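The values are calculated or read from the model by the stated rules, or taken from the named source; none is laboratory data. All values derive from a computational prediction rather than experimental measurement. Here the Cβ is made from the backbone with ideal geometry for all residues, glycine too, and neighbour counts use every protein chain on show.
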Amino acid sequence: MYRFLLSRQWVILTLVGLVLIPVMIKLGFWQLHRHEHKVAQNQLIASSLAAKPVPVTDLAAPGRDLPHRDMWRPVTATGRYDTAHEVVVRQRTAADEQSIGYYVLTPLILGDGDDVLVNRGWISAGDDLTKFPDVPPAPKGTVTVTGRMMADETTAVSGIKDTKGLPPRQVMLINSTEQAKRTGRPMLGGYIEQSAPEPPGGTPELVPEPDHDSIGPHMAYAIQWWLFAAAVPFGWVVLVRRERRDRAKAAEEAAAGADGTADADGADDAAGGAEVAGTGRENGGSAEVARSAVSTE
C-alpha cells in the first residue's frame, strides 16, 4: 500500500524534510536569542541613560577599552578643545536617518593633560567630499561637556570598513587609539557623544539618544521558523495520503478498463457464433429446396 515510499523520489523528499526540521528549529532559537539580546540591550541603555552623570575619568582611562556595562552612561568632562587635531567621520547619518554627512570629532584636553574624544555632532557632507568640510568652530577656552560614554569603534564590531587613503583629517571609525597617534598625548579609551550644551544655531546637530523602545521582529521570526518546522511533517503526511489516493484511483480505473475490454470481447465472440449459426441454417434451407426440385423432376 505504501511501497511507493521506497521510490527514489519519495526517499529524497523524506530526507530533505528530515534535514529541514532541525535547521528551522535552530533558526527559530537563533531569532529568539537575538530577541533576548535586544531586550537586554534596551534595558541596559534605559538604565544607563537614567544614571546620574559622573566624571569621565571614573569610567575611562588611557589604553583601556570601555566595558560594555558602561556604555551610554552619562559623563561630564571639563577642558579645552584641541581644534588643530579635529577630524570628521565620514558616511554618518543625521537624526532623520536619511541624510548622509560627517560627525565632528574633536579632542578635549582635560586638566591632567589626558585627552578624550568628543563627538560634537553631525554636519552635512557638502558638495566636495575630497576637502575638509566647513566645520562650526568649537567653543574657546575651558568648557564642560556632558554626553554619553561610547566604546571605540572597530571594523569587527561596527562592520564599517576602515578605508585608507582618505582626504586629510577624514576618518571612517571613531577610535581613541588611532587619534592618540595624531595628538601624541594619552587619550582615554572610548569617546563622549555630546548631549549638552546645545551648540549655537543647532550646528553641529547633536546625536540623538539611541532607540531603546523597539524590540524588532525577532520574536515573530522565531515563531515563524517553528511553524515552518511543524508544517514539514504535516505537509509530508498530506502528500503521502494524496499519493496513496491517486495511486488507488488509478488502479481502480485500470481494473475497470480491463473488465470492460473483457466484456466487449465476450460479446463479440457471441455475436460471431450467432452469425455462423444463422449462415448454417440458411445454407441448410437452400439445400432442402434443391432436393425437393430434383424429386419433382
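Assorted remarks:
- Residue within segment 137-149 that is in a loop (DSSP other than H, G, I, E, B) and basic (Lys, Arg) present: yes
- Check on Thr146, over 29 Å from Ala46 (Cα atoms) and modelled with pLDDT of 95 or more: no
- Every pair of residues 6+ apart whose Cβ atoms lie under 9 Å, when the first sits in segment 106-124 and is assigned to a strand (DSSP E or B) while the second is modelled with pLDDT under 95 and of a type in the set (Asp, Glu): Ile123/Asp134
- Residue count, segment 174-198 (criterion: part of a loop (DSSP other than H, G, I, E, B), surrounded by fewer than 18 Cβ atoms within 10 Å (Cβ to Cβ) and not small (Gly, Ala, Ser)): 4
- Those residues of segment 58-81 which are touching a residue at least 24 places away in the same chain (Cβ under 8 Å) and surrounded by fewer than 17 Cβ atoms within 10 Å (Cβ to Cβ), in sequence order: Ala61, Pro62, Gly63, Arg64, Asp65, His68, Arg69, Thr76, Thr78, Arg80
- Candidates Leu105, Leu110, Leu129 - the one that is assigned by TED's automatic domain parsing to the domain that holds Arg185, aliphatic (A, V, I, L, M) and either loosely packed, with under 15 Cβ neighbours inside 10 Å or modelled with pLDDT under 95 (or both): Leu129
- Residue check: Trp225 meets all listed conditions (1) surrounded by fewer than 18 Cβ atoms within 10 Å (Cβ to Cβ); (2) modelled with pLDDT of 95 or more; (3) touching a helix residue (DSSP H, G or I) at 6+ places or on another chain (Cβ under 8 Å) but one, namely (1).
- Residue list for segment 74-92, restricted to those being closer than 20 Å to Thr154 by Cβ and touching a strand residue (DSSP E or B) at 6+ places or on another chain (Cβ under 6 Å): Val87, Val88, Val89, Arg90, Arg92
- Qualifying residue in segment 22-43 (condition: surrounded by 12 or more Cβ atoms within 10 Å (Cβ to Cβ), out of contact with any Ser or Thr (no Cβ under 8 Å at 6 or more places or on another chain), in the same structural domain as Val116 (by TED's automatic domain parsing) and among the charged types (D, E, K, R)): no
- Tallying residues that are over 16 Å from Arg92 (Cβ atoms) and surrounded by 15 or more Cβ atoms within 10 Å (Cβ to Cβ) within segment 113-126 yields 3.
- Any chance Asp246 is part of a loop (DSSP other than H, G, I, E, B) and modelled with pLDDT under 95: no
- From the options Arg34, Arg80, Arg69, residue that is modelled with pLDDT of 95 or more and within 29 Å of the chain's Cα centre (by Cα): Arg34
- Tabulated pairs, segment 186-213, first at positive phi, second not in a strand (DSSP E or B), C-beta under 6 angstrom, 6+ apart or interchain: Gly190/Ala60; Gly190/Leu66; Gly190/Ala151; Gly190/Asp152
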